[in-house]
1. Leaving out ligands, DNA and RNA, what percent of the accessible area of region 35-156 is carbon and sulfur, probe 1.4 Å?
2. May I ask you to derive the FRET efficiency for T96 and H37 from their Cβ-Cβ distance with R0 = 30 Å, giving the value to the nearest 0.05?
3. If you take every residue apart from Q91 with its C-beta less than 15 Å away from the C-beta of Q91, what net charge results, scoring Lys and Arg +1 and Asp and Glu -1?
4. Provide the FRET efficiency to the nearest 0.05 for the S127-E85 pair, computing r from the beta carbons and using R0 = 30 Å.
5. Considering amide H positions built from the backbone, and no H for Pro or chain starts, which residues 5 or more places from F95, or on another chain, come under 5 Å of its amide H?
6. Excluding I51 itself, calculate the net charge of residues whose Cβ lies under 10 Å from the Cβ of I51, where each Lys or Arg counts +1 and each Asp or Glu counts -1.
7. List the aspartates and glutamates whose Cα lies under 15 Å from the Cα of K136, skipping any in the same chain that are fewer than 8 positions away.
8. Efficiency by 1/(1 + (r/R0)^6): what FRET value for H182 and Q160, r their Cβ-Cβ distance, R0 = 22 Å, to the nearest 0.05?
Amino acid sequence: MIVVRTATSVAAIGLICALIFASPLHGQFSGRRVSPHETTHSAVDGARITITYGRPSMRGRKIFGSLVPYDRVWMPGADEATIFETSAGLQFTDFTLRPGPYSLYTLPGEHGWKLIINKMTGQFHTSYPEDQDLAKLPMTIEHLTTPVETLTISAVPRPQGGGAVQLEWELTRVSAPFTVVH
(Lines give C-alpha, C1' and ligand atoms only; values in the text may rest on other atoms or scores of the structure.)
Protein backbone atom coordinates (compact mmCIF):
# COMPACT_ATOMS: atom_id res chain seq x y z
CA MET A 1 0.00 0.00 0.00
CA ILE A 2 2.81 2.45 0.75
CA VAL A 3 4.41 1.63 -2.59
CA VAL A 4 1.14 2.47 -4.39
CA ARG A 5 0.83 5.79 -2.60
CA THR A 6 4.47 6.58 -3.31
CA ALA A 7 4.09 5.69 -6.98
CA THR A 8 0.87 7.69 -7.14
CA SER A 9 2.53 10.60 -5.37
CA VAL A 10 5.52 10.48 -7.71
CA ALA A 11 3.20 10.34 -10.73
CA ALA A 12 1.14 13.26 -9.36
CA ILE A 13 4.25 15.34 -8.73
CA GLY A 14 5.49 14.55 -12.23
CA LEU A 15 2.17 15.62 -13.73
CA ILE A 16 2.15 18.85 -11.72
CA CYS A 17 5.71 19.67 -12.82
CA ALA A 18 4.83 18.93 -16.46
CA LEU A 19 1.83 21.24 -16.26
CA ILE A 20 3.85 24.04 -14.66
CA PHE A 21 6.66 23.86 -17.20
CA ALA A 22 4.22 23.64 -20.13
CA SER A 23 2.14 26.54 -18.81
CA PRO A 24 2.20 29.87 -20.68
CA LEU A 25 2.84 31.47 -17.28
CA HIS A 26 6.00 29.41 -16.82
CA GLY A 27 8.12 32.23 -18.31
CA GLN A 28 7.01 34.38 -15.38
CA PHE A 29 9.06 32.21 -13.04
CA SER A 30 11.88 31.01 -15.29
CA GLY A 31 13.88 34.24 -15.28
CA ARG A 32 14.25 33.99 -19.09
CA ARG A 33 12.83 36.95 -20.97
CA VAL A 34 12.61 37.38 -24.71
CA SER A 35 11.64 41.07 -24.54
CA PRO A 36 13.87 43.68 -22.91
CA HIS A 37 12.36 45.58 -20.00
CA GLU A 38 12.51 49.31 -19.51
CA THR A 39 11.56 51.94 -16.99
CA THR A 40 10.97 55.44 -18.34
CA HIS A 41 10.80 58.60 -16.25
CA SER A 42 9.05 61.75 -17.43
CA ALA A 43 8.33 65.14 -15.91
CA VAL A 44 5.08 66.77 -17.01
CA ASP A 45 4.10 70.08 -15.38
CA GLY A 46 5.73 69.07 -12.09
CA ALA A 47 4.38 65.49 -12.04
CA ARG A 48 6.92 62.66 -12.05
CA ILE A 49 5.61 59.79 -14.19
CA THR A 50 7.28 56.39 -14.33
CA ILE A 51 6.34 53.58 -16.72
CA THR A 52 7.82 50.08 -16.32
CA TYR A 53 7.12 47.50 -19.03
CA GLY A 54 8.43 44.73 -21.28
CA ARG A 55 9.20 45.83 -24.85
CA PRO A 56 8.34 43.19 -27.45
CA SER A 57 9.51 43.66 -31.03
CA MET A 58 7.70 43.17 -34.34
CA ARG A 59 10.26 40.64 -35.64
CA GLY A 60 8.53 40.62 -39.04
CA ARG A 61 5.08 39.99 -37.57
CA LYS A 62 1.85 41.85 -38.29
CA ILE A 63 0.88 43.34 -34.93
CA PHE A 64 -2.46 45.16 -34.77
CA GLY A 65 -5.43 43.20 -36.05
CA SER A 66 -3.35 40.00 -35.95
CA LEU A 67 -0.92 39.28 -33.09
CA VAL A 68 -2.88 41.86 -31.08
CA PRO A 69 -6.50 41.32 -32.15
CA TYR A 70 -8.93 44.20 -32.41
CA ASP A 71 -11.77 44.50 -29.91
CA ARG A 72 -10.05 42.41 -27.20
CA VAL A 73 -8.38 43.81 -24.09
CA TRP A 74 -4.60 43.81 -24.40
CA MET A 75 -1.93 44.78 -21.90
CA PRO A 76 0.76 46.57 -23.88
CA GLY A 77 4.02 44.96 -22.88
CA ALA A 78 5.46 41.57 -22.02
CA ASP A 79 5.93 39.46 -18.91
CA GLU A 80 4.85 41.34 -15.78
CA ALA A 81 2.07 43.94 -15.85
CA THR A 82 2.85 47.33 -17.37
CA ILE A 83 3.03 49.75 -14.43
CA PHE A 84 2.19 53.45 -14.70
CA GLU A 85 3.00 55.53 -11.62
CA THR A 86 2.34 59.22 -11.08
CA SER A 87 3.42 61.54 -8.26
CA ALA A 88 0.52 63.96 -8.87
CA GLY A 89 -3.11 63.72 -9.86
CA LEU A 90 -3.84 63.55 -13.58
CA GLN A 91 -7.06 64.68 -15.24
CA PHE A 92 -8.08 62.58 -18.27
CA THR A 93 -11.25 64.03 -19.89
CA ASP A 94 -13.81 63.40 -17.11
CA PHE A 95 -11.66 61.10 -14.92
CA THR A 96 -9.16 62.17 -12.25
CA LEU A 97 -6.36 59.70 -11.49
CA ARG A 98 -4.92 60.02 -7.98
CA PRO A 99 -1.16 59.74 -7.38
CA GLY A 100 0.08 56.17 -7.17
CA PRO A 101 0.86 53.02 -9.18
CA TYR A 102 -1.57 51.45 -11.67
CA SER A 103 -1.57 48.88 -14.48
CA LEU A 104 -2.28 49.92 -18.05
CA TYR A 105 -4.41 47.93 -20.48
CA THR A 106 -5.83 48.91 -23.85
CA LEU A 107 -8.80 47.99 -25.97
CA PRO A 108 -7.46 48.32 -29.53
CA GLY A 109 -9.90 48.77 -32.37
CA GLU A 110 -9.52 49.35 -36.08
CA HIS A 111 -11.23 52.74 -35.75
CA GLY A 112 -10.90 53.52 -32.04
CA TRP A 113 -8.84 52.64 -28.99
CA LYS A 114 -9.38 52.92 -25.25
CA LEU A 115 -6.80 53.24 -22.49
CA ILE A 116 -7.79 51.20 -19.45
CA ILE A 117 -6.40 52.21 -16.05
CA ASN A 118 -6.55 49.36 -13.55
CA LYS A 119 -5.80 49.60 -9.83
CA MET A 120 -4.25 46.11 -9.54
CA THR A 121 -0.47 45.82 -9.95
CA GLY A 122 1.95 42.90 -9.85
CA GLN A 123 0.00 40.47 -12.05
CA PHE A 124 1.32 38.74 -15.17
CA HIS A 125 0.50 40.60 -18.41
CA THR A 126 -2.01 37.98 -19.58
CA SER A 127 -4.13 38.40 -16.44
CA TYR A 128 -6.91 40.97 -16.71
CA PRO A 129 -8.80 41.72 -13.47
CA GLU A 130 -11.62 43.71 -15.11
CA ASP A 131 -13.30 44.29 -11.74
CA GLN A 132 -10.28 46.45 -10.80
CA ASP A 133 -10.72 48.91 -13.70
CA LEU A 134 -10.88 52.57 -12.72
CA ALA A 135 -11.43 54.11 -16.16
CA LYS A 136 -11.68 53.37 -19.89
CA LEU A 137 -10.51 56.47 -21.73
CA PRO A 138 -10.65 57.34 -25.43
CA MET A 139 -7.35 57.43 -27.29
CA THR A 140 -6.40 59.34 -30.43
CA ILE A 141 -5.04 57.18 -33.27
CA GLU A 142 -2.29 58.32 -35.66
CA HIS A 143 -1.02 56.22 -38.54
CA LEU A 144 2.77 56.38 -38.91
CA THR A 145 4.70 56.18 -42.17
CA THR A 146 7.80 54.61 -40.60
CA PRO A 147 7.38 51.41 -38.57
CA VAL A 148 8.28 51.35 -34.87
CA GLU A 149 9.99 47.97 -34.39
CA THR A 150 9.86 47.81 -30.57
CA LEU A 151 6.83 48.72 -28.46
CA THR A 152 7.33 52.14 -26.87
CA ILE A 153 5.16 53.54 -24.08
CA SER A 154 5.81 57.01 -22.67
CA ALA A 155 4.33 60.02 -20.96
CA VAL A 156 5.07 62.99 -23.20
CA PRO A 157 4.60 66.70 -22.46
CA ARG A 158 2.36 68.60 -24.87
CA PRO A 159 3.33 72.10 -26.12
CA GLN A 160 0.02 73.59 -24.90
CA GLY A 161 0.56 72.13 -21.39
CA GLY A 162 -0.26 68.84 -19.81
CA GLY A 163 0.82 65.64 -21.45
CA ALA A 164 -0.30 62.38 -22.98
CA VAL A 165 0.17 58.69 -22.35
CA GLN A 166 1.50 57.55 -25.70
CA LEU A 167 1.98 54.09 -27.20
CA GLU A 168 3.81 53.43 -30.48
CA TRP A 169 4.28 50.13 -32.29
CA GLU A 170 4.22 48.96 -35.87
CA LEU A 171 2.57 51.81 -37.87
CA THR A 172 0.36 53.01 -35.02
CA ARG A 173 0.61 55.75 -32.40
CA VAL A 174 -2.21 56.11 -29.87
CA SER A 175 -2.40 58.64 -27.08
CA ALA A 176 -4.62 59.79 -24.22
CA PRO A 177 -4.14 63.43 -23.16
CA PHE A 178 -4.13 64.59 -19.54
CA THR A 179 -3.52 67.66 -17.44
CA VAL A 180 -1.75 67.67 -14.08
CA VAL A 181 -3.88 68.36 -11.00
CA HIS A 182 -1.97 70.08 -8.16
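The values are calculated or read from the model by the stated rules, or taken from the named source; none is laboratory data. Small disclaimer: the values here were computed from a predicted structure and weren't measured. So basically every Cβ, Gly included, is an ideal-geometry build from the backbone, and we count neighbours across all protein chains shown. Heads up: the accessible areas ignore ligands, DNA and RNA and are worked out on the full protein's heavy atoms, side chains in. Shrake-Rupley method; radii C 1.70, N 1.55, O 1.52, S 1.80 Å.
1. Values: 2970 of 5950 Å².
Ligands and nucleic acids excluded, carbon and sulfur give 50 percent.
2. Working: r = 29 Å, r/R0 = 0.98.
Once rounded, the FRET efficiency stands at 0.55.
3. Values: positive: R98, R158; negative: D45, D94.
Counting the neighbours of Q91, the net charge comes to 0.
4. Numbers: r = 19 Å, r/R0 = 0.63.
About 0.95, to the nearest 0.05.
5. Placed amide hydrogens put nothing under 5 Å from F95.
6. Values: positive: none; negative: E38, E85.
Cβ neighbours under 10 Å give a net charge of -2.
7. D71, D94
8. Details: r = 17 Å, r/R0 = 0.79.
In this case the efficiency is close to 0.80.
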